[in-house]
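No lab work stands behind these numbers, since they all come straight from the coordinates. Every value quoted in this text rests on a predicted model; they were computed, and no experiment measured them. Here Cβ is always computed from backbone atoms with ideal geometry, including for glycine, and neighbour counts include all displayed protein chains.
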């Protein structure tokens, strides 16, 4: 995961990026608890991207996971990079594409 540079900070100031904080170890070693990431809300995620999504059953919770599959019906399979520490699509099933906030562009 690349670190945020000047351009990413400008995008954040211009409200083209949103900032989220990572909690837990589900995405280690790529992201650790306490890391902050920028998300491009207007960019469509692709398979393999790390994304931020709203939890399918808890509207007040966001999750940071890797998009491993996007099927033709709008279902997205999300997985943590650290399966032993991750609650992901193996637990809550596929996530509707409308719940994806956007792909992570960099770590702050």
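Annotations
- Neighbour-count order for 73, 105, fewest beta carbons within 10 angstrom listed first: 73, 105
- Size-normalised alpha-carbon gyration radius of the stretch 1-96, reference 2.2 N^0.38 Å: 1.08
- Relative contact order %, the stretch 6-107, counting alpha carbon pairs below 8 Å whose residues are six or more apart: 30
- For the stretch 37-79, the Kirkwood radius over C-alpha pairs fed into Stokes-Einstein at 10 °C and 1.306 mPa s yields D = 144 µm² per second.
- Of all beta bridges that DSSP places with both ends in the chain, some 95 percent have antiparallel geometry.
- Rounded, prolate or oblate (a/c below 1.5 giving rounded, otherwise prolate when a/b exceeds b/c) for the stretch 60-104 by Cα gyration tensor: prolate
- With 0.36 nm allotted per residue and the present C-alpha distance subtracted, the residue 15-residue 55 stretch has 12.1 nm of extension available.
- Highest-first arrangement of 9-16, 24-31, where packing means the average Cβ count within 10 Å: 24-31, 9-16
- Inter-part distance where the stretch 1-21 and the stretch 75-108 are each reduced to a Cα centre, Å: 20
- Helix-derived mean residue ellipticity, 222 nm - over the chain, DSSP H n ≥ 4, -39500 (n - 2.57), to 500: -2500 deg cm²/dmol
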